[in-house]
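Worksheet for the structure shown next.
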Amino acid sequence: MSEMVIGETGHPAARGTKTGAVVLESFSYDDQIVRMFATATLIWGIVAFLVGLIVAVLLVLPWASFGLPYLSFGRLRPLHTNAAIFAFAGNAIFAAVYYSTQRLCKARMWSDFLSAIHFWGWQLIIVSAALTLPLGITQSKEYAELEWPLALAIAVVWVVFGL
């Protein structure tokens, strides 16, 4: 939790009183959720880039999958794109939104519990996608590969985020 104090003499946010004293406004923010999403961004970014590297190697050396369908280009490429889009970029966007919204509104998030549900729900969706995509459990739609239970979970987590 960080705290920001504004309102020094001469600053527009400073309010004078009858005695001439300056009253300072203080704001308290929930930076823990921002750090959690930022950390997840770094972790998932590394995972997405490593899977991308493996996919690139498979383009040049297709036999490097050792004949295992779970390691084939067709199964790992959707994993790479979903990890880059949903895990890496998604977590980065959520970190930025949680950081900037609190400062623009000069108010703490309404519920730390809902923020935690949002974070852990999003990570659970990402892990579920990372397990199902290499197994070939997909809808076979470009950038919408996840099966309906995961698509429904994404909708629920977005609703929690919007509350």
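The values are calculated or read from the model by the stated rules, or taken from the named source; none is laboratory data. Just so we're clear, the structure is a prediction, and the values are computed from it rather than from any experiment. Glycine gets a Cβ as well: all are built from the backbone with ideal geometry, and neighbour counts include every protein chain shown. All accessible areas refer to the heavy atoms of the entire protein, side chains included, with ligands and DNA or RNA removed. Shrake-Rupley method; radii C 1.70, N 1.55, O 1.52, S 1.80 Å.
Candidates Ala155, Phe73, Phe27 compared by Cα position along the dipole of the chain: farthest toward the positive end lies Phe27, with charges placed on Cβ.
Could you report the chain's accessible area per residue, 1.4 Å probe, as an integer in Å²?
Working: 9960 Å² over 163 residues.
On a per-residue basis, the chain sits at 61 Å².
Our coupling estimate for the range 57-62, obtained by passing each phi through the Karplus curve with A = 6.51, B = -1.76, C = 1.60 and θ = phi - 60°, is 5, 5, 5, 8, 10, x Hz, Gly and Pro reported as x.
Share of the chain's accessible area from carbon and sulfur, percent, 1.4 Å? Within the chain, the accessible surface is 73 percent carbon and sulfur. FRET efficiency for the Glu25 to Trp110 pair, using the beta carbon distance and R₀ = 25 Å, is estimated at 0.80. For the Cα trace of the chain, dividing Rg by the Kirkwood Rh returns an Rg/Rh value of 1.20.
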